[in-house]
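Engineer: Quick one: this structure, given as structure tokens, is what I'll be asking you about.
The values are calculated or read from the model by the stated rules, or taken from the named source; none is laboratory data. These numbers come from a predicted model, not from an experiment. Cβ coordinates were reconstructed from backbone atoms using ideal geometry, including for glycine residues, and neighbour counts include every protein chain displayed.
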Amino acid sequence: MTGDDRLIVVCGATGRQGGAVVRSLLGQGWRVRGLTRKPQQTKARELVAVGAEMVAADMEDPATLRGAFEGANGVFSVQNGLVSGFDREIAQGRHVADVTKQSGVSHLVYASAGTGESGTGIQAWEAKLEVERHMRRLDLPHTSLRPEAFMELMTDSSFYPAVGTWRIWPRLSGEDRPIPWLAVEDVGQVAAAVFADPGHHIGHSIVLVGDVLSLAECRALYREVMGNDPSTFPLPIWLFDRFTRHDVTEMWRWLRTGAVELDTGPTRQIHPGALTVREWFVKIRDLGQG
């Protein structure tokens, strides 16, 4: 082992998945070095306050990653093509993989998505498959996590416009189509468990599902827990597409007939406490965020 076996580098540490991974690792006694382009921003300072080391690095610039990866045993890699563009997502993912290999880091955990099969036409999924192909070409020890639809899509207007979930998604996929769900915080719990047991997980691709409910069932459950319907307003698809690069609506159209994993067993085997949709809604209600 070339690095500190308790030090994990988390790329995109101030983002949703990265932040969840940082907090879960810290909660389980790991040392965490979080990477961000802006270490003075509020989210970075909040992570420092709970015990993370935060350093300036940019996945666009491999030179900044080399020093940040020094001495680490593991790396969590996540990119967001909806924000950066999918070509840049691929470049960033490749840079992280290259420097991980060069630095002798023994385990990379990659935040992927989708089915693991190419040809869906969904750019966010295809970009991640290209990064995974690059990791295999490098013979890089890695684990891919494939979280399904995030529960935050139903409650958090800053994640995606939540109105899109309640207004547009049912029109494209159908209200009764079973959807596999996962809370973002559970990505962190699974990642921490995977880092703790690399021998069991390296070389594997793990689809993450905490619960399975249709949008109609979720709407009814939201009403039951919150005491009201989700807030929505009329939103044309063309306007929603401007915020999401057309890719989210393509994904929702694909989900009308496309086959997705609906088995919660593999996720609960790693993390038995993964939240159900009901538990998520209760948590949001109790935090006053619904």
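Engineer: If only one of 255, 262, 235 is touching a helix residue (DSSP H, G or I) at 6+ places or on another chain (Cβ under 8 Å) and modelled with pLDDT of 95 or more, which one is it?
Structural biologist: Unique residue meeting the criteria: 255.
Engineer: Which of the residues belonging to the stretch 127-173 are within 20 Å of residue 209 (Cα to Cα) and of a type in the set (Asp, Glu)?
Structural biologist: Correct list: 148, 152, 156.
Engineer: Pull out all pairs, ordered by first then second residue, where Cβ-Cβ is under 9 Å, the residues are six or more apart or on different chains, the first lies in the stretch 178-203 and is closer than 10 Å to residue 20 by Cα, and the second is in a loop (DSSP other than H, G, I, E, B) and at pLDDT below 95.
Structural biologist: Once the first residue is closer than 10 Å to residue 20 by Cα and sits in the stretch 178-203, its partners that are in a loop (DSSP other than H, G, I, E, B) and at pLDDT below 95 give 184/159.
Engineer: Additional query: In this structure, is residue 19 surrounded by fewer than 20 Cβ atoms within 10 Å (Cβ to Cβ) and touching a residue at least 12 places away in the same chain (Cβ under 8 Å)?
Structural biologist: no
Engineer: Mind telling me which of the residues 36, 42 ends up being among the hydroxyl-bearing types (Ser, Thr, Tyr) and within 19 Å of the chain's Cα centre (by Cα)?
Structural biologist: 36 is the lone residue from the list that is among the hydroxyl-bearing types (Ser, Thr, Tyr) and within 19 Å of the chain's Cα centre (by Cα).
Engineer: Report those helices (runs of 4 or more DSSP H) wholly inside the stretch 72-175 carrying at least 2 residues which are modelled with pLDDT of 95 or more.
Structural biologist: In the stretch 72-175, the matching helices (runs of 4 or more DSSP H) lie at 86-102, 123-137, 169-173.
Engineer: Further question: Tally up the residues in the stretch 2-16 that are part of a loop (DSSP other than H, G, I, E, B), crowded, with 22+ Cβ neighbours inside 10 Å and in contact (Cβ under 8 Å) with a residue 60 or more places away in the chain, please.
Structural biologist: The number of residues fulfilling the criteria is 2.
Engineer: Can you tell me which residue is surrounded by the fewest Cβ atoms within 10 Å (Cβ to Cβ) among those in the stretch 169-196 that are among the charged types (D, E, K, R) and touching a Ser or Thr at 6+ places or on another chain (Cβ under 8 Å)?
Structural biologist: In this case the residue turns out to be 176.
Engineer: Checking residue 242 against (1) farther than 21 Å from residue 80 by Cα; (2) loosely packed, with under 13 Cβ neighbours inside 10 Å: exactly one of these is not met. Which one?
Structural biologist: Every condition holds for residue 242 apart from (1).
Engineer: Exactly one condition in (1) within 30 Å of residue 149 (Cβ to Cβ); (2) at pLDDT below 95 is not met by residue 50; state its number.
Structural biologist: Every condition holds for residue 50 apart from (2).
Engineer: For the stretch 114-144, what are the residues that are among the hydrophobic types (A, V, I, L, M, F, W, C) and under 17 Å from residue 92 (Cβ atoms)?
Structural biologist: Listed by number, the residues that qualify are 124, 125, 127, 129, 131, 135, 138, 140.
Engineer: Same structure again: Just for the stretch 85-115: of the residues that are among the β-branched types (Val, Ile, Thr) and under 23 Å from residue 254 (Cβ atoms), which one is surrounded by the most Cβ atoms within 10 Å (Cβ to Cβ)?
Structural biologist: Within the stretch 85-115, the match that is surrounded by the most Cβ atoms within 10 Å (Cβ to Cβ) is 90.
Engineer: Out of 267, 276, 257, 249, I need the residue that is of a type in the set (Ser, Thr, Tyr) and surrounded by fewer than 17 Cβ atoms within 10 Å (Cβ to Cβ). Which one?
Structural biologist: When all the criteria are applied, what remains is 257.
Engineer: Among what's in the stretch 32-57 and is assigned to a loop (DSSP other than H, G, I, E, B) and in contact (Cβ under 8 Å) with a residue 12 or more places away in the chain, pick the residue that is surrounded by the most Cβ atoms within 10 Å (Cβ to Cβ).
Structural biologist: Looking at the filtered set, the residue picked out is 57.
Engineer: Going through 60, 70 one at a time, which residue ends up being touching a residue at least 24 places away in the same chain (Cβ under 8 Å) and exposed (fewer than 14 other Cβ atoms within 10 Å of the Cβ)?
Structural biologist: After ruling out the rest, the residue left standing is 60.
Engineer: Of the conditions (1) at pLDDT 95 or above; (2) within 19 Å of the chain's Cα centre (by Cα), residue 245 satisfies every one except a single condition; which number is it?
Structural biologist: Residue 245 satisfies all of (1) at pLDDT 95 or above; (2) within 19 Å of the chain's Cα centre (by Cα) except (1).
Engineer: So residue 29 passes all but one of these: (1) assigned to a loop (DSSP other than H, G, I, E, B); (2) free of Cβ contacts under 8 Å to residues at least 24 places away in the same chain; (3) more than 26 Å from residue 197 (Cα to Cα). Which condition number does it fail?
Structural biologist: (3)
Engineer: Here's another thing I want to ask about it. If a residue must be of a type in the set (A, V, I, L, M, F, W, C) and without any contact (Cβ under 8 Å) to a residue 24 or more places away in the chain, how many such residues does the stretch 217-261 contain?
Structural biologist: Residues in the stretch 217-261 being of a type in the set (A, V, I, L, M, F, W, C) and without any contact (Cβ under 8 Å) to a residue 24 or more places away in the chain: 3 in total.
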